[in-house]
1. Kirkwood Rh, Cα Rg: Rg to Rh for segment 79-274?
2. With both bridge residues required to lie in the chain, what share of the DSSP beta bridges run antiparallel, to the nearest 5%?
3. Starting from the eigenvalues of the Cα gyration tensor, five times each then square-rooted, give me the equivalent ellipsoid semi-axes of segment 194-289, largest first, whole Å.
4. At 0.36 nm per residue, and after removing the present C-alpha to C-alpha distance, how many nm does the segment from ALA257 to LYS183 gain when stretched out fully?
5. Where in the chain lies the longest segment free of GluC sites (Glu not before Pro) that are both loop residues by DSSP (not H, G, I, E, B) and have at most 16 other Cβ atoms within 10 Å?
6. Whose amide H sits under 5 Å from the amide H of LEU199, counting only residues 5 or more places off or on another chain, with H placed in the peptide plane?
7. Mind listing the long-range amide H neighbours of GLU338? Cut-off is under 5 Å, sequence gap 5 or more, other chains count too, H placed in the peptide plane at 1.01 Å from N.
8. Roughly what % antiparallel, to the nearest 5, for the DSSP beta bridges in segment 79-274?
Amino acid sequence: MQKLNSSVTDSVNFYMGTDPYDLVRKYGSPLYVYNENILRERCREMKKLCADPDFKVYFSIKANSNPSLLKIIRSEGIYADAVSRGEIFILLHSGYAPDEIFFVANNVSEDEIKYALDNGIMCSADSLSMLEKIGKIRPGTDVAVRFDPGVGLGHHKKVMTAGDGSKFGINPADIGAVKELLKKYELKLAGINQHLGSLFLESGEYIKGVESLLSVAEKFLETLEFIDLGGGFGIPYRKQAGEKRLDLNALGKRLDAIFDSFNKKCGKKIKFRIEPGRYIPAECALILGEVRSVKYNGPDKFAGTDIGMNVLMRPALYDSHHDIEVYRESNMISDKFEEISVVGNICESTDFIAHNRLLPEIFDGDLIAVLDAGAYGYSMCSSYNSRPRPAEVLIRADGNVELIRGRESYERFI
């Protein structure tokens, strides 16, 4: 097999000796492929971000909720965030204890809140309305509140979850109303939390958000036990172009100094948390897909694949970049790199994986690998155009391959 531009997967020994064509022949195409070693490495990087022994990491499982992966993540000492009843159900099924789960939903029903509380899971109120619902359902319980720190960040406006125009969190101007509801229902505010957005590679704006949340925390010191700083930790999606990683060492040192200073200022030990979603699973997965056609439309060249926007939504939804590798089983030679758009098989004009990307010359029958697909990949899959969701396989630490989710059947459509 020819690997035409495989520097990224080669550098991390992603396939561990497994042939991508063998994977596709056995499990079908398109196919999500995960690497256990990379997943564990990212968990460990997050867990050691800060030196404080009480520092905890809560994985936002909306990024990837495959139970086999969640069991690995839990085994690395990572806790979990849930944003729906379904995610709570998956976490409990995957071995998480109630006190290892934090419910951080927004705009949910009383039934969903009651399900979390009945399972012994702490809820975070995203609005005054939700805080009152919690109070009515379970007066006297411990609760957290999500505030909007006024700072948003992210690679696209659609992934910013704080600041002007955001639907998330309670404005600090409503602190008085929060305190009234806490008193009315005898609720104990055990924690406050935030989330600024997704995919930062420079930490300046994140630190601003941290400092803003700490100013809110000072208003609740009497009962406050923890502060959840949210997530948004980015990964370099443009590895082939040499994009640099987030400097976790430098960020961790800044956070440690901030934590120490805050605890000294308030005269008590507050526990700190973070909520990384993307950072933990993104780089441990790629999608293998077959090239089904190569054609020109005017001056533009297209490689048509079976990786549609139903398989990977991010490029169509967020204009997101994913590096692409090309593999070939034949001896046909690509003697040039050229601009080509890589598209899927969905009947939508937005069904692009890459626009005018410089890649080795591609031929019908090649395999492509869409890299860094472990976060918001399968979790955002659909069966649009009545195409079954793909299978997922895991390359274990010993190199063995395990099917961790079978391909959806056509029978499920009827």
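Every read-out reported here was derived from the displayed coordinates using simple, explicitly stated rules and does not represent laboratory data. In this text, all values refer to a predicted model and were calculated from it rather than measured experimentally. Cβ placement follows ideal geometry from the backbone for every residue including glycine, while neighbour counts extend to all protein chains displayed.
1. Numbers: Rg = 17.0 Å, Rh = 17.5 Å.
Ratio of gyration radius to Kirkwood radius: 0.97.
2. Antiparallel: roughly 45 percent of the beta bridges in the chain.
3. Whole-Å semi-axes of the equivalent ellipsoid: 31, 14, 10.
4. On the way: separation 74, 0.36 × 74 = 26.64 nm, distance 3.34 nm.
Difference between extended and current length: 23.3 nm.
5. Numbers: sites that count: GLU186, GLU202, GLU222, GLU225, GLU243, GLU329, GLU348, GLU408.
That gives 1-185 as the longest site-free run.
6. Result for LEU199 returns GLY232, PHE233, GLY234.
7. LEU359, GLU361
8. Counting only bridges with both partners in segment 79-274, antiparallel ones make up about 5 percent.
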